[in-house]
Amino acid sequence: MTSGRGALTALHLFLVWATMTAAVPPLGFGLLVTAWGGGTGAAAPILALGVPLTVGLLATAGIPAQTVVPLCGSVPQRLGWAVLVFVLGTLGVLAGLAAYAGGVDLGSASTRIALTGAPYAVAAAFFVPGRWVRLGAVGALAAGVAYGGFVGRRSRSSASTRRRSRGTRSMRSCCTWALRRPACRCPVPRSAPPTSASNTAPSGRTSSRTWTSRGARRSRRHPDAPSSWRRA
């Protein structure tokens, strides 16, 4: 394949991808809204009007590939090519929707919209008479099947596991912080020890030495007591 033919093929596949990326999401959203609000009968006119319009846009995108794709040489052939590409690409989109509903991670909303046109570009690549182009289409199809069947599910499950582990670690750290937080140490007022008959003022029969020894013992037992109480 020459450089000019390769550039024309790349332009052809890009136009198919861009056209279907711009046309299929509004069509699908319109079908979903009308079917949700009015049932299958309300969605039938949208389907009958949207599908031929999308096929016509796809046939228009195949005009620059008249010298590359043999099926795009005339208007009837180009319409047949557009119908085949639309059917095969729609099957790929439905497979992607089923994989996404089954738990496969397909990225953000903008990424999913960009991926909408990929099955149509892959389907259009199979009609290009070039060995390397068709091998690339087979490789893209195999990569999509492998990701939808194995890699995407595993990556999504591992991402959810990481989120759960992060939540568990944050909960553990909060619990550890709460347990290590020092308790409130409020000052507790000290109550004076109860006075007994032995702690009263000495009578006349009690010697001053005996009263002094009692005061010393009281000071040792209650070091925080006020000095006026120890002297009492």
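The values are calculated or read from the model by the stated rules, or taken from the named source; none is laboratory data. Small disclaimer: the values here were computed from a predicted structure and weren't measured. Cβ: placed from backbone, ideal geometry, glycine included. Neighbour counts: every protein chain shown.
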In the list Val83, Val93, which residue meets the criterion of being touching a Pro at 6+ places or on another chain (Cβ under 6 Å) and either at pLDDT below 90 or closer than 19 Å to Trp17 by Cβ (or both)? Val93
When the residues of region 42-79 are filtered to those that are part of a helix (DSSP H, G or I), in contact (Cβ under 8 Å) with a residue 24 or more places away in the chain and over 42 Å from the mean Cα position of the chain (by Cα), which remaining residue is nearest to Gly130 (Cα to Cα)? Pro70
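When you scan region 26-37, do you find a residue that is of a type in the set (Gly, Ala, Ser), under 32 Å from the mean Cα position of the chain (by Cα), exposed (fewer than 14 other Cβ atoms within 10 Å of the Cβ) and not in a helix (DSSP H, G or I), even just one? Walk me through how you get there before you give the answer.
So in region 26-37, the residues of a type in the set (Gly, Ala, Ser) come out as 28, 30, 35, 37.
With under 32 Å from the mean Cα position of the chain (by Cα) added as a condition, the list becomes 28, 30, 35, 37.
Then keep just the ones that are exposed (fewer than 14 other Cβ atoms within 10 Å of the Cβ); that gives 37.
Subset that is not in a helix (DSSP H, G or I): none.
No, region 26-37 has no match at all.
Output the residues belonging to region 1-25 that are exposed (fewer than 13 other Cβ atoms within 10 Å of the Cβ) and under 22 Å from Tyr120 (Cα atoms).
Taking region 1-25 first, the residues exposed (fewer than 13 other Cβ atoms within 10 Å of the Cβ) are 2-4, 7, 10.
Correct list: Ala7, Ala10.
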Tell me, which residue of region 96-117 that is over 14 Å from the mean Cα position of the chain (by Cα) and in a loop (DSSP other than H, G, I, E, B) is surrounded by the most Cβ atoms within 10 Å (Cβ to Cβ)? Gly117
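Looking only at region 132-148, how many residues end up being within 23 Å of Gly28 (Cβ to Cβ) and either of a type outside the set (Val, Ile, Thr) or not in a helix (DSSP H, G or I) (or both)? Step through it out loud before you land on a result.
Here is the first cut: in region 132-148, the ones within 23 Å of Gly28 (Cβ to Cβ) are 140-141, 144-145, 147-148.
Among the residues that remain, those that are also either of a type outside the set (Val, Ile, Thr) or not in a helix (DSSP H, G or I) (or both) are: 140-141, 144, 147-148.
The total comes to 5.
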With (1) of a type in the set (A, V, I, L, M, F, W, C); (2) under 30 Å from Ser3 (Cα atoms); (3) surrounded by 14 or more Cβ atoms within 10 Å (Cβ to Cβ) as the list, and Val75 as the residue in question, which single condition is left unmet? (3)
For region 118-131, which residues satisfy the criterion of being part of a helix (DSSP H, G or I) and modelled with pLDDT of 90 or more? Ala118, Pro119, Tyr120, Ala121, Val122, Ala123, Ala124, Ala125
